[in-house]
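This report refers to the structure that appears directly beneath it.
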Amino acid sequence: MKRIAICPGTFDPITNGHIDIVMRSLSIFDEIVVAVAPNPKKTPLFKIEERMDLIGESFKDLERVTIESFDGLLVDYVKQKGGVAIVRGLRAISDFEYELQMALMNRRLDSVIETVFMMPSEEYSFLTSTIIKEIASFGGSVKGLVPEIVEKALSEVFKLK
Ligand code: ADP
């Protein structure tokens, strides 16, 4: 049976840190579903369709990676997809408290689904979508930190602003 893992997030936009986590997960799981949350609370820069397109482009050569959007309870979505695990990235220690809280709450909601944490390569350890948007908004270079397609999308957004 195929072992499917769900990699949920806002991905506003996808960075090389996210990609690093998905690539590592592919060595453990047969299939990764990148599940994009609309997350209106965070008032994303990119619409959900744009975020999904950018992720799709970034993984276009990888058959074992699929991109979907989801709403509602994550554990329900994982069950619906037949997933065995939730994959999250752990960066600097600042991620730990929130991630532990989420993982334990999700376990309480469904004890069968495990949360797996992956550590990114050091060079992406301090990389966040927020910092990328901030740099790009001031015209700074984000080369090497995001896929080229994201670089282009960011420069278009901030040119228009
Ligand atoms: P969320 O709003 O759910 O935190 P994000 O898009 O910010 O969504 O992050 C999705 C997942 O990717 C989270 O598990 C986050 O820790 C992880 N992640 C984001 N950036 C990085 C990075 N640079 N290195 C490793 N993991 C990352």
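The values are calculated or read from the model by the stated rules, or taken from the named source; none is laboratory data. Values in this document were obtained by computation on a predicted structure and should not be read as measured data. Positions of Cβ are generated from backbone atoms using ideal geometry, with glycine treated the same way; all protein chains shown enter the neighbour counts. Ligands, DNA and RNA are excluded from the accessible area calculation, which covers all protein heavy atoms including side chains. Shrake-Rupley method; radii C 1.70, N 1.55, O 1.52, S 1.80 Å.
Things to note:
- The residue that is nearest to residue 78 (Cα to Cα), counting only those in segment 94-104 that are exposed (fewer than 13 other Cβ atoms within 10 Å of the Cβ) and within 14 Å of the ligand (Cβ to nearest atom), is 101.
- Selection of segment 29-43 for residues being of a type outside the set (Gly, Ala, Ser) and modelled with pLDDT of 95 or more yields 29, 30, 31, 32, 33, 34, 36.
- Filter result for the condition that a residue is of a type in the set (Val, Ile, Thr), modelled with pLDDT of 95 or more, within 26 Å of residue 26 (Cβ to Cβ) and open to solvent by 60 Å² or more (accessible area, probe 1.4 Å), over 78, 112: 112
- When segment 30-51 is filtered for residues that are touching a residue at least 40 places away in the same chain (Cβ under 8 Å) and surrounded by fewer than 21 Cβ atoms within 10 Å (Cβ to Cβ), the ones remaining, listed by number, are 45, 50.
- Taking the criterion of being more than 13 Å from the ligand (Cβ to nearest atom), farther than 16 Å from residue 11 by Cβ and aliphatic (A, V, I, L, M), the residues of segment 105-161 that qualify are 105, 109, 112, 113, 135, 160.
- Positions within segment 91-122 being closer than 20 Å to residue 144 by Cα and touching a helix residue (DSSP H, G or I) at 6+ places or on another chain (Cβ under 8 Å), in sequence order: 91, 120, 121
- Within segment 3-16, residues that are over 17 Å from residue 46 (Cβ atoms) sit with their Cβ atoms under 8 Å from residues that are near the ligand (Cβ under 7 Å from one of its atoms) and among the hydrophobic types (A, V, I, L, M, F, W, C), at 6+ positions apart or across chains, in these pairs: 7/21.
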